[in-house]
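Contents: one structure, followed by commentary.
Read the figures in this text as sums done on the coordinates, not as results from a lab. What you see is a predicted model, and the numbers here were worked out from it, not measured in a lab. All Cβ positions, even for glycine, are placed from backbone atoms using ideal geometry, and neighbour counts span all protein chains on display.
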Amino acid sequence: MSRDKRYDSLFEPLAIGPVTTKNRFYQVPHCNGGGYRDPSAVAEMRRVKAEGGWGVVFTEQVELHHTSEITPYIELRIWDDDDMPALSKMADSIHEYDALAGIELTYSGVNGPNLYTREVPMSASAMPVRTFFKDPVHARQMDKKDIKNLRRWHRNGCIRARDAGYDLICLYGAHGFGVIQHFLSTATNHRTDEYGGSLENRSRLMAELLSECKDAVGDTCAITVRLSLDEMVNGLGFSNSEVRDVIGMHSELPDLWDLAHGAWEDCSGPSRFKEEDAQHSLVDGIRDLTSKPIVGVGRFTSPDLMVKQIRSGHLDLIGCARPSIAEPFLPNKIDSGNVEDIRECIGCNICITGDMTMSISRCTQNPSFMEEWRRGWHPEKYTKTKDTQSVLIVGAGPAGLEAARVLGERGYQVVLAEASDELGGRVSKERHLPGLSAWGRVADYRTYQLSQMSNVEIYKKSKLDVEQVLEFGADHVAIATGSVWRKDGVARHHLFPMEISGDIGIFTPDDIMSGHRPTGEIVIYDDDHYYMAGVIAELLCNSDTHVTLVTPSPFVSEWTINTLEQATIHQKLAGLGVNLVLNRSVERIDSNGVTTACTYTGTEASISADNVVLVTTQAPQDGLWKALQGVENQVQERAIQSMQVIGDALSPAPIAWATFAGHRYGRELGQADIGDALPFKREVVKPT
């Protein structure tokens, strides 16, 4: 197939200062949980992006100087020459496929607590450091000597970046994280000297850094700047009108303007709360203020919308972070006319949780993300099986679908049996909950891919028992029967079943997703702490109900802090009139309602209720698996070579864990047993 002519504008070259990108696909900087700990994994992940056709591929934020670092978060560093080999390796990897290599230099200022280096933090003004952990540390105000040093550190960083092979150097001043932003914003700049007060003064440091960095690298690299489009805090900050004034004031200074939405929570908001191209109005008209290229983001997944951005002059380059994670080969698939094969980002923000938890990032849609080097998983290449063997997969949820897809790619004869009349398992139900429609792409992508494979057969309404599995005669069997929500309250707070008595309606998320709608006074008890309780509360709010959400946590949907949506969830539910009861557990349920207890003091109180929804924990739906284990002799007699349980049927977890489990099963089936060896590579510091 060949490219649809409608998309030609996405493949036109564009000059960015002294360098030229081959197309308009611009992978903006994004973190990944690897950083300095896993440089080879990060380098290979970026190389695969370049192979996938991205014209520009950036690093994550790279810490510029040891006086400003964000431990415990794990980002790249360019502190001294010891950091150069890892950075050079990444640039070389990106260049293998003629992409431009970009690096984002960051001085974190008021966001850098310096827990590792123990240096006193510095920023535009003296104030407490603004971190996710509310670290009890203050940043001191930079004096003129500090600012002079800061300028020199930026020049040195740019020279190192140039010598490491980078083509574009971005100075980070967005999301409230970079020192440029801290000087621009009245929320963090309270100075009264020539670097404070007026917008001209507040933008002075940005102008100095851009000019001096361009002088430092000459005509070898492009110097860009990344700014937030609108970030206001209690009436202070850096407004969209001021962004426009700054761009107009310094219109020709950078080689490119990189525009991000606002705070990180705004720019990378999940699909539940942010539509594709959410920052459109904030960018509209900025093109008229400068002749320099503009790149913007918006979780772009639609090629038609991308083309509209370019043809209308709204943007010059399509900036993507999360879509490039879900589909590293997005540009190539558009170019080759295979748009239907794109793994569209679902906007769940599981990728961000890797950075937030200081672990390796995951992707729900692309399980190979960050495993390209560690496990040798290429998102488009699979080791073909040498023997044409058959695999029976029982259950067509995320794990079963992904296992079938990978095994189909490898050449196995696959039969996928699903008990219901719809593929997707939990996704087929959750996609109908408020704000989660994009999550259906998990099933849609895999269903389409399987439909194109002649070696994969799918049977719906096919609930199998032990004898049917044994009689099937498959060489390998995978059980992916999913999980169910528990109805007894067992989770993190209650390790044993809760005391439940009397005549009162008890529901679980499974009941709600099956169409049951309790009325009257409803108590939702959340000991799951992810999205489900909040989504159900939103669903059940109507004129016939009054909803109270009780949680032992000090936050509603606490784990969603890691997906950047916790505050938005709280605001949404409060706006809907949900009564939010924090730091209390449900101890007992009877005909009158629930008895709660303070998680700190144990003090009890009552809440009347007609119905209770328990969002606690899930139990593996593993009856078939256990039954098969009980007939091991028959399994051997039927010459079944392997039998395995995967996904939620083994251990319930978020959807990304299920697609990973299915992917891993598909990759590893038929491979040599590695015994006690690690199943992935890692980099270990050797003592000197």
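P(r) tail for the chain, what percent of Cα pairs lie past 45 Å?
The proportion of pairs with Cα distances above 45 Å equals 26 percent.
Let me check I have the definition right: for the range 235-375, take the eigenvalues of the Cα gyration tensor, multiply each by 5, take square roots. What are those semi-axes in whole Å, largest first?
28, 19, 13
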(request) Enter the Cα centre distance for the pair the range 24-50 and the range 357-374, rounded to the nearest angstrom. (result) 11
(request) Working from Cα positions, state the angle (0 to 90°, nearest 10) between the long axis of helix 84-95 and the longest principal axis of the chain. (result) 80
(request) Please state the charge dipole magnitude for the range 485-619, taken about the Cα centre, from unit charges on C-beta atoms (+1 on K and R, -1 on D and E), reported in debye and rounded to the nearest 20. (result) 220
(request) Any chance you could check the Cα centroid distance between the range 138-154 and the range 240-284 for me, in angstrom? (result) 27
(message) Can you sort MET498, MET84 from fewest to most other Cβ atoms within 10 Å of each residue's own Cβ?
(response) MET84, MET498
(request) Express the relative contact order of the chain as a whole percentage, based on alpha carbon pairs under 8 Å and six or more residues apart in sequence. (result) 12
(request) Under 1.5 on a/c is rounded, so check that first for the range 172-217, then, if it is not, pick prolate when a/b is larger than b/c and oblate when it is not; a ≥ b ≥ c are the square roots of the alpha carbon gyration tensor eigenvalues. (result) oblate
(message) Which order do the peptides 253-266, 509-522, 395-408 come out in when sorted by mean C-beta neighbours inside 10 angstrom, highest first?
(response) 395-408, 253-266, 509-522
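For a Förster distance of 45 Å, can you work out the FRET efficiency between the beta-carbons of ASP193 and THR688, rounded to the nearest 0.05?
Efficiency computed from Cβ-Cβ geometry: 0.50.
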(message) I need the phi-derived Karplus couplings for the range 302-309: 6.51 cos²θ - 1.76 cosθ + 1.60, θ = phi - 60°, integer Hz, Gly and Pro marked x.
(response) 9, x, 5, 5, 4, 4, 4, 4
(message) Counting other beta carbons within 10 Å of each residue's own, what order do VAL233, VAL283, VAL42 fall into, fewest first?
(response) VAL233, VAL283, VAL42
(message) Classify the range 485-619 from the C-alpha gyration tensor, please: rounded if a/c falls under 1.5, else prolate or oblate depending on whether a/b exceeds b/c.
(response) rounded
(message) If you consider only alpha-carbon coordinates, what radius of gyration and Dmax does the range 1-53 have, in Å?
(response) 14.6, 43
(request) Would you work out the charge dipole size for the chain about its Cα centre, treating the Cβ of every Lys and Arg as +1 and the Cβ of every Asp and Glu as -1, and quote it to the nearest 20 debye? (result) 920
(request) Quick one: go through the range 225-261 and flag any residue whose amide nitrogen is under 20 Å from the point 7 Å out along the Cα-to-Cβ line of HIS280. (result) 229-230, 240-241, 259-261
(request) Using just the alpha carbons, could you tell me how many Å³ per residue the convex hull of the range 314-377 encloses? (result) 118
(message) Taking θ = phi - 60°, what integer Hz values does the Karplus form 6.51 cos²θ - 1.76 cosθ + 1.60 yield along the range 31-46, in sequence order, with x for Gly and Pro?
(response) 7, 8, x, x, x, 5, 6, 10, x, 5, 5, 5, 4, 5, 4, 5
(request) Please determine, in degrees from 0 to 90 and to the nearest 10, the orientation of helix 240-249 with respect to the longest principal axis defined by the Cα atoms of the chain, where the helix direction is its Cα long axis. (result) 40
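Over the range 485-619, what is the mean sequence separation of C-alpha contacts under 8 Å (at least six apart), divided by residue count, expressed as relative contact order in percent?
36
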(request) Can you find, among VAL556, GLY473, CYS345, the residue farthest towards the positive end of the dipole of the chain? Put +1 on the C-beta of Lys and Arg, -1 on that of Asp and Glu. (result) CYS345
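Pull out the extension gain between VAL233 and ASP488, defined as 0.36 nm times the separation in residues minus the alpha carbon to alpha carbon distance; nm, one decimal.
Extra length from VAL233 to ASP488 when fully extended: 87.5 nm.
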(request) Output the Cα-based Rg and Dmax of the range 396-537 in Å, rounding Rg to one decimal and Dmax to a whole number. (result) 18.3, 56
(request) Return the distance in nm (one decimal) between the two label points of a simple spin-label model at ASP82 and ASP503, each offset 7 Å from Cα along Cα→Cβ. (result) 7.3
(message) Through the Karplus equation 6.51 cos²θ - 1.76 cosθ + 1.60, θ set to phi - 60°, convert the phi angles of the range 458-473 into ³J(HN,Hα) values in whole Hz; use x for Gly and Pro.
(response) 10, 10, 8, 6, 10, 7, 9, 9, 4, 5, 5, 5, 5, 6, 4, x
(request) Can you list which of the GluC sites (Glu not before Pro) found in the range 355-391 are DSSP loop residues with at most 16 other C-beta atoms within 10 Å? (result) GLU380
(message) Which of rounded, prolate or oblate describes the range 178-284 when judged by the alpha-carbon gyration tensor and an a/c cut-off of 1.5?
(response) oblate
(message) Counting only helical runs of four or more DSSP H residues, what would the 222 nm mean residue ellipticity of the chain come to if each run contributes -39,500 (n - 2.57) and the total is spread over all its residues?
(response) -8000 deg cm²/dmol
(message) Along the Cα→Cβ direction, 7 angstrom out, place labels at TYR459 and ALA627. What is the inter-label distance in nm?
(response) 1.5
(message) Please report the spacing between the Cα centers of the range 532-558 and the range 593-647 in Å, no decimals.
(response) 22
(request) Enter the angle in degrees (range 0 to 90, nearest 10) between the Cα long axis of helix 566-575 and the first principal axis of the Cα atoms of the chain, meaning the one along which they spread out most. (result) 70
